[in-house]
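Shown next, in structure tokens, is the structure this report addresses.
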Amino acid sequence: MEILTSLYTIIITSIPYSSVSFLTPKGILSCSIHCREGCVAFTYNELTSSCNLVSEFYTGTPPISPTRFYMKNINCPLLDEYKYITMGTTKACVKFISYTPHWFDAQTVCQAEGGFLIQFKTIEKTNMINQYITDRLSIYDQWWIGFRDKYDNNVSYWLDDDILSRYDPRWYPGEPSFHSYGKHDDCGVLKEGKFWDYYCINPLKFICEKTI
Ligand SMILES: [Ca+2]
């Protein structure tokens, strides 16, 4: 049981979760060993020898009966509506926020929670988040993300100052425009799986990220 102590925190929760189940008569340790890539927690029922590997859980929906969870010690505050999303070796701790401030207030909210507007430095991470949005939200939603033309010189920078090339294939056709309808398009948006630049004072939903 030392492995459980070192790798997992036991919490009692009524949080709904998505999981796969199978029988492991060898017990809870066997169940825990199956909780590897893509698994953030598990439950084990001693009476039925049923092991549930949990890939995601979340708050805000009607509670189910309380379950004893064994949760991996991941630096992602899942109980604060952040989601730990994995696809292969790609991982992210993110929160989709549906009220609609302008870009700067969105970034301020993320910073107040110890994070930042989400950055997409790899194709794999972009694909993973787009898949999640397609499956659980709407691909037509518009989200503030963590890049902008910070010097107003038609160069887009991620929040860590890496440049997002204007030739990156993840831009929507015709983007970045940098200007439209007489306004500066300086702030980063994810919509329909692609990057756009918008006028920063638009009211949009946003995605916060925490480093894990
Ligand atoms: Ca634009």
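For the reader, a short list of remarks on this structure follows.
- Output for region 191-201, where each listed residue is within 10 Å of the ligand (Cβ to nearest atom) and in contact with a Phe, Trp or Tyr (Cβ under 6 Å, 6 or more places away or on another chain): 195, 196
- In region 35-57, of all residues being aliphatic (A, V, I, L, M) and assigned to a strand (DSSP E or B), the one that is surrounded by the fewest Cβ atoms within 10 Å (Cβ to Cβ) corresponds to 53.
- Residue match in region 107-115 (condition: at pLDDT below 95, within 16 Å of the ligand (Cβ to nearest atom) and surrounded by fewer than 19 Cβ atoms within 10 Å (Cβ to Cβ)): no
- One residue alone among 206, 195 is in contact with a Cys (Cβ under 8 Å, 6 or more places away or on another chain) and assigned to a strand (DSSP E or B), and that residue is 206.
- Lone unmet requirement of (1) crowded, with 21+ Cβ neighbours inside 10 Å; (2) near the ligand (Cβ under 9 Å from one of its atoms); (3) at pLDDT 95 or above for residue 188: (2)
- Search result, residues across region 149-192 that are among the basic types (Lys, Arg) and either under 19 Å from residue 127 (Cβ atoms) or outside any loop (DSSP other than H, G, I, E, B) (or both): 170, 183, 191
- For region 116-141, a tally of residues being out of contact with any helix residue (DSSP H, G or I) (no Cβ under 6 Å at 6 or more places or on another chain) and crowded, with 17+ Cβ neighbours inside 10 Å returns 9.
- Qualifying positions in region 133-146 - under 24 Å from residue 102 (Cβ atoms) and not small (Gly, Ala, Ser): 133, 137, 139, 140, 141, 142, 143, 144, 145
- Sole exception among (1) surrounded by 13 or more Cβ atoms within 10 Å (Cβ to Cβ); (2) in contact with a strand residue (DSSP E or B) (Cβ under 9 Å, 6 or more places away or on another chain) for residue 99, by number: (1)
- Single match in 166, 148, 170 (criterion: surrounded by fewer than 19 Cβ atoms within 10 Å (Cβ to Cβ), within 16 Å of the ligand (Cβ to nearest atom) and under 29 Å from residue 81 (Cα atoms)): 170
- Count of region 173-185 residues which are surrounded by fewer than 19 Cβ atoms within 10 Å (Cβ to Cβ) and within 9 Å of the ligand (Cβ to nearest atom): 5
- Any hit, region 202-210, residues being of a type in the set (Lys, Arg), within 12 Å of the ligand (Cβ to nearest atom) and in the same structural domain as residue 91 (by TED's automatic domain parsing): no
The values are calculated or read from the model by the stated rules, or taken from the named source; none is laboratory data. Keep in mind that what you see is a predicted model, and the values were worked out from it rather than measured. Cβ atoms come from the backbone with ideal geometry, glycine included; neighbour counts cover every protein chain shown.
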